[in-house]
Amino acid sequence: MSSVTNGGSVSGTTTSSGDVTQNVDSGNGELVTTVGSGGVVTSAVLGASAETYAREDLIVESGGASFFTSVTPADSASVVVRNAIVQEDVYGLSTSAVFSTTIAEIQNNVHGWGGGAEVYSASQYIHAGGESYGATFAGAPDGSFLPNQNDPYWGYTPITYSAADATQYVESGGLAKNTTLNAYSEQVVSGGGIARDTTVNSGGEQIVSSGGSAVDTTINAYGSSFVTSGGTAIDVDVGSGGVLSAGSGATLTDITLENGGRLDVSKDTLFTDRIALNGGTIDITDLTGSGTPDYTFSGDNRLTITRDGVSETILFDGVYDPTKLLVTTDTDGSTLIDYGTPAPCYCPGTLIATAEGETPVEALEIGDLVRTASGALRPIRWIGRRAYDGVFARGNPDLIPVTFEKGSLGHNLPKRALTVSPLHAMFVEGYLIPAHCLVNGGSIHYGSIGERVEYIHVELESHDLLLAEGAPSESFVDDGSRGMFHNAGTFAELYPEAKTVEAVYCAPRLEDGTVLEHIRERLSAHTGSSVRLGLLASDRERQLSGWAVDLLTPSEPVALEVLLNGRVIGMTLADGPSGVVSNGAAAYGFTFGLPRGVTTASGAFSLRAVSSMKAAA
């Protein structure tokens, strides 16, 4: 056993090189290096170096310290190691240690003797009194591979291996600070252990069990944290694509949910303060029932949800727009709370151009080749799916589908009626324009909603233009909205090492201004309708104003239907002055008083021409 005693210091140590004398337990194939009180080891490299030394330990006793230790199960492609277990046991101080396993390392070393699965493990155990600062963990997935045909032990037979263990264990009395968890790594905080300032990146996982505490945790895209009964999480920021799960009896304090983040909780999860809800989704996993949820949102940011006589109340911290709050039922029957802007999507039945011809969007699979507007074939990276209860969707203008009738975009496109979500962008005259910005009440209009509305989106490696019913239309781009899909978690499973990047669009987006108005007028020419119409900004809470003109009979007033979220709420006559000139004709103006209980903030208003007065006569 190497014993670094009080006052001793060994730098640049490579424990497998002989710089430090190890204690070899030949019976267990183990090498052990011990750093005693006052001792220091710097830049030690731990890696099982031969089959007889399949386990290696660095023990940092109370008062001892290790700096910049590197822990890998196998340190060379030339050595043959089976069931390599390498770890650091910390009773004193460890700083800036790196723990990792790699696929290449495993494939170079595993031979599968005896037919058993091979195990590779790089771990740090922080015991009572021990402290770890700045440790980094990165693992490798379980799997199998086919060895070289000349392998004397296994030949062509596939070898299975288990390598998911790049793990930090924080035990009672131990402290971990500034730990970074990367793909296929874990931090396990058990009773009495404390983890501070942990960063959970894509594919990483934090587990806080009974008695354990996690403080100041940041969960980035496709990272996750699980707090079990008796565990505590304090000051957690859940970023876009990140997931924080808390079971019955877990305690959460000072939780911030960013746009695209997800919080899965139980009815019996204890919140000690309000949630800062900047966007994203909350899933109350065990609040289920036979009907749709009833909910109220009061002025003190108190959300109360009731299902089958069971109520749950959540308090939010901040200023919220109730129109962006949506309470629905998940596919497994749990209760979902969404806040923010829903992701743009296609409706089922939409035909998408692929290498095999036009295929319904709901039949597409990851890896299928879709044809883009440029003619290129590109593989599908991911497919997002989301459904909403019809009762709630009707009350949210961001969820009511928009239908483009055949030919409404010009050039005989779309080839058939195309229905998308209102925020889904079509490519028109060089711009990406959300569908709701093109609604004209005629050839482009809000659709109806039944008991359920479903949306599906298709993601490529980068943002591009798909051909939907022949019309150029955007693919999915993650602008913080991935968490709005039911199956958002599958992306992390497929791509655990994916990093969050800023959304880059394939064309400029256009949502308002004179250019949009000119495009809307030109599109109206493709409908066969001679009526031009529009809504004007209103400075009154209970009144709409707008204009209309029939170019075939420009001297006649126009009868109009007024729609709220795609449903007719009344009729009016455009017969007054407007000051608007459309296609050279002076338009008529109108004012419309809203029904009782409806204000200009109630949703999306649109117009539909019934006929000109001359035609009506």
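The values are calculated or read from the model by the stated rules, or taken from the named source; none is laboratory data. Just so we're clear, the structure is a prediction, and the values are computed from it rather than from any experiment. Note that each Cβ is placed from the backbone with ideal geometry, even for glycine, and that neighbours are counted across all protein chains shown. The accessibility values were calculated without ligands, DNA or RNA, using every heavy atom of the protein model including side chains. Shrake-Rupley method; radii C 1.70, N 1.55, O 1.52, S 1.80 Å.
Out of all the residues in the stretch 194-229, which are open to solvent by less than 30 Å² (accessible area, probe 1.4 Å), touching a Phe, Trp or Tyr at 6+ places or on another chain (Cβ under 8 Å) and either farther than 26 Å from Met484 by Cβ or hydrophobic (A, V, I, L, M, F, W, C) (or both)?
Of everything in the stretch 194-229, just one residue is open to solvent by less than 30 Å² (accessible area, probe 1.4 Å), touching a Phe, Trp or Tyr at 6+ places or on another chain (Cβ under 8 Å) and either farther than 26 Å from Met484 by Cβ or hydrophobic (A, V, I, L, M, F, W, C) (or both), namely Val208.
What are the residues in the stretch 82-93 that are at pLDDT below 80 and either within 22 Å of Ala128 (Cα to Cα) or surrounded by fewer than 24 Cβ atoms within 10 Å (Cβ to Cβ) (or both), if any? Walk me through it before giving the result.
Here is the first cut: in the stretch 82-93, the residues at pLDDT below 80 are 82-85.
If the condition is that a residue be at pLDDT below 80 and either within 22 Å of Ala128 (Cα to Cα) or surrounded by fewer than 24 Cβ atoms within 10 Å (Cβ to Cβ) (or both), then Arg82, Asn83, Ile85 are the ones that fit.
Do you know which residues across the stretch 414-440 are open to solvent by less than 10 Å² (accessible area, probe 1.4 Å), touching a residue at least 60 places away in the same chain (Cβ under 8 Å) and assigned to a loop (DSSP other than H, G, I, E, B)?
Result: Ser421, Pro422, His424.
Of (1) open to solvent by 60 Å² or more (accessible area, probe 1.4 Å); (2) at pLDDT 85 or above; (3) not aliphatic (A, V, I, L, M), Asp286 satisfies all except one. Which?
Among (1) open to solvent by 60 Å² or more (accessible area, probe 1.4 Å); (2) at pLDDT 85 or above; (3) not aliphatic (A, V, I, L, M), Asp286 violates only (1).
Condition test on Gly134, is it among the small types (Gly, Ala, Ser), surrounded by fewer than 21 Cβ atoms within 10 Å (Cβ to Cβ), within 35 Å of the chain's Cα centre (by Cα) and modelled with pLDDT of 85 or more?
It is true that Gly134 is among the small types (Gly, Ala, Ser), surrounded by fewer than 21 Cβ atoms within 10 Å (Cβ to Cβ), within 35 Å of the chain's Cα centre (by Cα) and modelled with pLDDT of 85 or more.
Just checking, which of Arg542, Arg520, Arg608 is under 46 Å from the mean Cα position of the chain (by Cα), modelled with pLDDT of 80 or more and open to solvent by 70 Å² or more (accessible area, probe 1.4 Å)?
Answer to the selection: Arg542.
Go through (1) closer than 23 Å to Pro434 by Cα; (2) not in a strand (DSSP E or B) for Asp300 and report which single condition fails.
Looking at each condition in turn, Asp300 falls short on (1).
If I go through the stretch 275-296 residue by residue, how many of them are closer than 24 Å to Asp237 by Cβ and touching a helix residue (DSSP H, G or I) at 6+ places or on another chain (Cβ under 9 Å)?
Counting residues in the stretch 275-296 that are closer than 24 Å to Asp237 by Cβ and touching a helix residue (DSSP H, G or I) at 6+ places or on another chain (Cβ under 9 Å) gives 3.
Can you tell me which residue is nearest to Gly579 (Cα to Cα) among those in the stretch 523-532 that are aliphatic (A, V, I, L, M) and modelled with pLDDT under 80?
Looking at residues that are aliphatic (A, V, I, L, M) and modelled with pLDDT under 80, I get Val531.
Would you mind telling me which numbered condition in (1) open to solvent by 10 Å² or more (accessible area, probe 1.4 Å); (2) at pLDDT 70 or above; (3) within 26 Å of Leu494 (Cα to Cα) Gly129 fails?
Tallying (1) open to solvent by 10 Å² or more (accessible area, probe 1.4 Å); (2) at pLDDT 70 or above; (3) within 26 Å of Leu494 (Cα to Cα), Gly129 fails exactly one: (3).
Taking the stretch 25-81, which residues are open to solvent by less than 10 Å² (accessible area, probe 1.4 Å), among the β-branched types (Val, Ile, Thr) and modelled with pLDDT under 60?
Result: Val81, single match.
Being open to solvent by less than 20 Å² (accessible area, probe 1.4 Å) and within 20 Å of Asp479 (Cα to Cα) is the filter here; which residues of the stretch 311-331 pass it?
Those that are open to solvent by less than 20 Å² (accessible area, probe 1.4 Å) and within 20 Å of Asp479 (Cα to Cα): Leu325, Leu326.
Quickly run through the stretch 489-507 and pick out the residues that are of a type in the set (Ser, Thr, Tyr) and either in a helix (DSSP H, G or I) or without any contact (Cβ under 8 Å) to a residue 60 or more places away in the chain (or both). Give the derivation first.
Pass one, the stretch 489-507, residues of a type in the set (Ser, Thr, Tyr): 490, 495, 500, 505.
Of everything in the stretch 489-507, just one residue is of a type in the set (Ser, Thr, Tyr) and either in a helix (DSSP H, G or I) or without any contact (Cβ under 8 Å) to a residue 60 or more places away in the chain (or both), namely Thr490.
Residue by residue through the stretch 289-310, note down the ones that are farther than 11 Å from Ser334 by Cα, touching a strand residue (DSSP E or B) at 6+ places or on another chain (Cβ under 6 Å) and open to solvent by 50 Å² or more (accessible area, probe 1.4 Å).
Answer for the stretch 289-310, where residues must be farther than 11 Å from Ser334 by Cα, touching a strand residue (DSSP E or B) at 6+ places or on another chain (Cβ under 6 Å) and open to solvent by 50 Å² or more (accessible area, probe 1.4 Å): Asp294, Tyr295, Thr296, Phe297, Arg302.
Please determine whether any residue of the stretch 332-341 is open to solvent by 20 Å² or more (accessible area, probe 1.4 Å) and over 30 Å from Ile314 (Cα atoms).
No - not one qualifying residue is present in the stretch 332-341.
Evaluate the stretch 353-369: report whether one residue or more is assigned to a strand (DSSP E or B), open to solvent by less than 10 Å² (accessible area, probe 1.4 Å) and either within 24 Å of Glu258 (Cβ to Cβ) or not aromatic (Phe, Trp, Tyr) (or both).
no
Tell me which strands (runs of 3 or more DSSP E) are completely within the stretch 202-267 and hold 1 or more residues being closer than 20 Å to Leu336 by Cα and polar (S, T, N, Q), or say none if there are none.
It comes to 224-227, 243-246, 251-257.
Ala471 - would you say it is in contact (Cβ under 8 Å) with a residue 40 or more places away in the chain and farther than 30 Å from Val361 by Cβ?
No; evaluated as a whole, the condition is false for this residue.
In the stretch 556-601, how many residues are open to solvent by less than 40 Å² (accessible area, probe 1.4 Å) and either part of a loop (DSSP other than H, G, I, E, B) or small (Gly, Ala, Ser) (or both)?
Qualifying residue count, the stretch 556-601: 15.
Output the residue which, of all residues in the stretch 270-283 that are under 22 Å from the mean Cα position of the chain (by Cα) and assigned to a strand (DSSP E or B), is surrounded by the fewest Cβ atoms within 10 Å (Cβ to Cβ). Write out each step before concluding.
Narrowing the stretch 270-283 to residues under 22 Å from the mean Cα position of the chain (by Cα): 275-283.
Remaining after also requiring assigned to a strand (DSSP E or B): 275-277, 280-283.
Values: Ile275: 23, Ala276: 14, Leu277: 28, Gly280: 28, Thr281: 25, Ile282: 23, Asp283: 20.
Step by step, filter the stretch 270-283, then rank; the result is Ala276.
Taking the options Glu454, Glu469, name whichever one is of a type in the set (D, E, K, R) and under 29 Å from Ser224 (Cβ atoms). Break it down stepwise before answering.
Numbers: Glu469 fails: under 29 Å from Ser224 (Cβ atoms).
The match here is Glu454.
Quick check: is even one residue across the stretch 319-342 farther than 21 Å from Tyr388 by Cα and in contact with a strand residue (DSSP E or B) (Cβ under 6 Å, 6 or more places away or on another chain)?
no
For residues that are open to solvent by 10 Å² or more (accessible area, probe 1.4 Å) and in a loop (DSSP other than H, G, I, E, B), scanning just the stretch 377-395, find the one that is modelled with the lowest pLDDT.
Gly395
Considering only the stretch 280-319, state which residues are in contact (Cβ under 8 Å) with a residue 24 or more places away in the chain and hydrophobic (A, V, I, L, M, F, W, C).
Taking the stretch 280-319 and keeping what is in contact (Cβ under 8 Å) with a residue 24 or more places away in the chain, we get 280-289, 292-293, 295, 297, 301, 303, 305, 307, 310, 312, 314-318.
Selection gives Ile282, Ile284, Leu287, Phe297, Leu303, Ile305, Val310, Ile314, Leu315, Phe316.
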